[in-house]
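The values are calculated or read from the model by the stated rules, or taken from the named source; none is laboratory data. Computed from a prediction, not measured in an experiment: that's the story for all the values here. Glycine gets a Cβ as well: all are built from the backbone with ideal geometry, and neighbour counts include every protein chain shown. Only protein heavy atoms, including side chains, enter the accessible area calculation; ligands, DNA and RNA are left aside. Shrake-Rupley method; radii C 1.70, N 1.55, O 1.52, S 1.80 Å.
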Amino acid sequence: MIKMKGVTKTYEQHNKPALDNVDVDIEKGEFVFVVGPSGSGKTTFIRLLIREILPTKGEIFVAGQDVVHLRLRRVPLLRRNIGCVFQDLKLLPNKTAYENVAFALEVIGRPERVIRSQAPEVLKLVGLEKKMNSYPDELSGGEQQRVSIARAFVNRPPLLLADEPTGNLDPATSLGLISLLDRINRTGTTVVVATHDREIVDSMRKRVVALEEGKVVRDQLRGVYGHED
Amino acid sequence: MKIRPFYFIGEALASFRKNWVMSIAAVSTVALTLFIIGMFTIAAFTLNSVIKIQESKVEIVAFLKDSAKPEEVQSTQNELISWPEVAKVKYISKEQALERLKEELKGQPEMLEAMSGNPLPASLEISLKDPQTVKTLAKRLDGRAAIEEIKYGEGVVEKLFVVTKVIRWAGVIFAFLLCFASLVLIVNTIRLAIFARRKEVAIMKLVGASNWFVRWPFILEGVLQGLIGSLLAIGALYLIKVFSLESVTQFFRWLRVPLNYPQLTHQFYLLLGYLILAGAVIGALGSVVALRRYLRV
């Protein structure tokens, strides 16, 4: 599903690369945690996959597409195959929870009839059936987080990326969210979660890719967050 | 991807409503600038018709020799009529000339008494299709056997044409500057409105929207803003025409300039049509131009 070969990303005006010669292979249907402290390159990892940014060096394949050499007009098609829960959520402030989720379906040209049945269904799955008509600023952090997951998942993409989905949530809510992602994974969706939340990583015992200063320092099946540091 | 006009129209209407502060800014900018352009155009039309009327007063008067034979006069007159530049030739006999003079000197009968017989020559009054040709025609006419002297207001006519030329060019240049300034103003307002929503645009792109999917609602919103703005502008112009243009033309009557009402009315409605079109087109193009930068996500 995801293949990174020798990927290096150096941002302009930085001399140290955010990602440094990274090789990662993620198979279809896997559940992977990308872990590491702040600034270790987790978000860069995610942004590269949806081609928000391009690598300085290396090759990236996502769902069979050559991301680096993808033509600009094909970029929307790539993104429609990837559900993404952004670190800053990126909910549309002028749209209600329902409209935010529906938007992901509008974009791929689903007919109104399908949208009207699918969007509420997914919102129900994340437990927001009573908040469908609330605007993002009327929702709590955890609720916004769940709208974001619902939007990422509503068109059943083969790949779901989540960047710090449990950031600033309390532990109980965090575990609820992760088990939601786990359930989505069981439907066959490949799930990649970037996080520095030790507790959830340790509780799930999934594959762990650990980043440190832009380098992959550990890639372990059924892993844990790692040593105390 | 299927084109979904109703979805796009719905999105445009919704965001027009939800971003109402920016909508009002854009609408009022369009309304004000188009109103000013409209007022200027009306003023320019009016001024132009005043100029035209002044210019049309230019004519050539050929005074005839008292000794000229009627056939000679007739053949000169026929020749003149055959010239393409000539609109009308009117023969004024000695008697008619005297009548006119009497009319003009009504208040001073002593002037007429001092006159013995009829010293006034007969003449041909030649009006032209294009007043600018007056000088060349006068030259061409010179030297006919029947003609004693040719007058066309030498010196004065040239000055009049210089003045009207300056006024016309100044009008064109000013109109151009005005349109340019309006365009910049409107596009900048739309740019601000879209800048305020740049994150929204980026989010749409990141969830997989194509450029056109993002663009259409913005374009329709721009058209809507442009249409409402131009409708406000033409509404104001119409009220001004109805309630005050009449009194303005009354004012010009003092200058003894008969204004051409039906033509002016026709041009007025044409102007209103162009303003609506301009509003819609500027709204749409402004949105496309302003969006360009933020679509690069």
Considering the range A:133-165, residues that are open to solvent by 20 Å² or more (accessible area, probe 1.4 Å) and part of a helix (DSSP H, G or I), and then whichever is nearest to A:PRO37 (Cα to Cα), we arrive at A:GLY141
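Among the residues of the range A:53-66, which ones are more than 14 Å from chain B (Cβ to nearest Cβ) and either in contact with a helix residue (DSSP H, G or I) (Cβ under 7 Å, 6 or more places away or on another chain) or open to solvent by 70 Å² or more (accessible area, probe 1.4 Å) (or both)?
Applying the first criterion (more than 14 Å from chain B (Cβ to nearest Cβ)) to the range A:53-66 yields A:55-61, A:64, A:66.
Once the filter is applied, which keeps residues that are more than 14 Å from chain B (Cβ to nearest Cβ) and either in contact with a helix residue (DSSP H, G or I) (Cβ under 7 Å, 6 or more places away or on another chain) or open to solvent by 70 Å² or more (accessible area, probe 1.4 Å) (or both), the range A:53-66 yields A:PRO55, A:THR56, A:LYS57, A:GLU59, A:ILE60, A:GLY64.
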The condition of being in a helix (DSSP H, G or I), among the aliphatic types (A, V, I, L, M), surrounded by fewer than 20 Cβ atoms within 10 Å (Cβ to Cβ) and more than 9 Å from chain A (Cβ to nearest Cβ) holds, among B:ILE173, B:ILE190, only for B:ILE173
When A:ASN100 is run through (1) open to solvent by less than 10 Å² (accessible area, probe 1.4 Å); (2) within 8 Å of chain B (Cβ to nearest Cβ), the failure sits at (2)
B:ALA170 fails exactly one of (1) within 17 Å of the chain's Cα centre (by Cα); (2) at pLDDT below 85, namely (2)
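Results for (1) touching a residue at least 24 places away in the same chain (Cβ under 8 Å); (2) away from chain B (no Cβ under 14 Å); (3) surrounded by fewer than 17 Cβ atoms within 10 Å (Cβ to Cβ), shown as yes or no for each residue.
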position: A:ARG47; (1), (2), (3): no, no, no
position: A:ILE50; (1), (2), (3): yes, no, no
position: A:VAL68; (1), (2), (3): no, yes, yes
position: A:VAL85; (1), (2), (3): yes, no, no
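Out of everything in the range A:103-126 that is among the charged types (D, E, K, R) and assigned to a helix (DSSP H, G or I), what residue ends up being nearest to the other protein chains (Cβ to nearest Cβ)? Let's see the steps before the verdict.
To start, the set of residues in the range A:103-126 that are among the charged types (D, E, K, R) comprises A:106, A:110, A:112-113, A:116, A:121, A:124.
The next check asks that each one be assigned to a helix (DSSP H, G or I); those that pass are A:106, A:112-113, A:116, A:121, A:124.
Values: A:GLU106: 6, A:GLU112: 8, A:ARG113: 13, A:ARG116: 13, A:GLU121: 18, A:LYS124: 21 Å.
Among them, the one singled out is A:GLU106.
Return yes or no: is A:LYS16 surrounded by fewer than 18 Cβ atoms within 10 Å (Cβ to Cβ) and under 19 Å from A:PRO157 (Cα atoms)?
Numbers: surrounded by fewer than 18 Cβ atoms within 10 Å (Cβ to Cβ): yes; under 19 Å from A:PRO157 (Cα atoms): no.
Spelling it out, it is not the case that A:LYS16 is surrounded by fewer than 18 Cβ atoms within 10 Å (Cβ to Cβ) and under 19 Å from A:PRO157 (Cα atoms).
Part of a helix (DSSP H, G or I) and within 14 Å of chain A (Cβ to nearest Cβ): is that true of B:TRP212 in this structure?
Working: part of a helix (DSSP H, G or I): yes; within 14 Å of chain A (Cβ to nearest Cβ): yes.
Answer is yes for this residue.
Considering every residue within the range B:111-118, establish whether at least one is loosely packed, with under 12 Cβ neighbours inside 10 Å, outside any loop (DSSP other than H, G, I, E, B) and at pLDDT below 85. Explain how you work it out, then say what you get.
Let us first name the residues in the range B:111-118 that are loosely packed, with under 12 Cβ neighbours inside 10 Å, namely B:113-114, B:116-117.
Adding the requirement that they be outside any loop (DSSP other than H, G, I, E, B) leaves B:113.
Filter once more, so that each one left must be at pLDDT below 85: B:113.
Yes; the residues of the range B:111-118 include at least one that is loosely packed, with under 12 Cβ neighbours inside 10 Å, outside any loop (DSSP other than H, G, I, E, B) and at pLDDT below 85.
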### Query
Got at least one residue in the range A:125-132 being over 25 Å from A:ILE115 (Cα atoms), loosely packed, with under 15 Cβ neighbours inside 10 Å and modelled with pLDDT under 90?
no
